[in-house]
Amino acid sequence: MPDDTPPEALDPREINHVAAALHRHVPLAATAALTPPAGQLSVPAFERSDLLLKLYTPPAGGDPQGPHTRDELYVVTSGHGTFVNGDRTHGFVAGDVIFVPAGVVHRFADYSADFRTWVVFYGPERAAA
């Protein structure tokens, strides 16, 4: 039976507990009030088995991330900029999907102040390349 709770009724504080309620819809508007845990740049939104969804907002001074041990998909929710993916660099805008294999050096660059993206980590952990 589908959940008939309207998206606007989702308390933003519940986003971190979406894994406990798999039927929940996670509206992007509800994430606007979220802030990452201390020392983190992303907010966990959903985790199940070998999949982890986070909302990532890099700091204004530059994207500090390095290679990760799992494959990643980024789904850009707002903003625009440049993405460095291994030895390739390309522009991105809201709505773009970007794939990064585990172990590949990558980062967002020259991004707008409103830049935010979903990041999906999935698959098994792998050693960094």
Length released on extending from residue 99 to residue 73, taking residue separation times 0.36 nm less the Cα-Cα span: 8.9 nm
Summed side-chain charge close to residue 126 - residues other than residue 126 whose Cβ falls under 11 Å, Lys, Arg +1, Asp, Glu -1: -1
Amide H contacts under 5 Å for residue 68, placed H, 5+ residues apart: 103, 104
What figure in square angstrom, to the nearest 10, would you give for the accessible area of residue 46 with a 1.4 Å probe? 50
Give me D for region 23-129 in µm² s⁻¹, whole number, from Stokes-Einstein with Rh from the Kirkwood sum over alpha-carbon pairs, 37 °C and 0.692 mPa s. 230
State to the nearest 20 debye the size of the charge dipole of region 40-85 about its Cα centre, where the only charges are +1 on K and R beta carbons and -1 on D and E beta carbons. 80
Starting from the Cα of residue 122, move 7 Å in the Cα-to-Cβ direction to define the label point; list residues of region 59-99 whose amide nitrogen is under 19 Å from there. 68-77, 95-99
Under Stokes-Einstein, with the Kirkwood radius over Cα pairs standing in for Rh, what whole-number D in µm²/s applies to region 64-106 at 4 °C and 1.567 mPa s? 121
How high is the relative contact order of region 74-124, in percent, with contacts defined as C-alpha pairs under 8 Å that are six or more residues apart? 48
What's the FRET efficiency of residue 82 with residue 32 using the Cβ-Cβ distance as r and R₀ = 22 Å, to the nearest 0.05? 0.35
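The values are calculated or read from the model by the stated rules, or taken from the named source; none is laboratory data. Everything numeric here is computed off the predicted structure, so don't read it as measured data. Methodologically, a virtual Cβ is constructed for each residue, glycine included, from the backbone with ideal geometry; neighbour enumeration extends over all protein chains shown. SASA here: full protein model, heavy atoms, side chains in, ligands and nucleic acids out. Shrake-Rupley method; radii C 1.70, N 1.55, O 1.52, S 1.80 Å.
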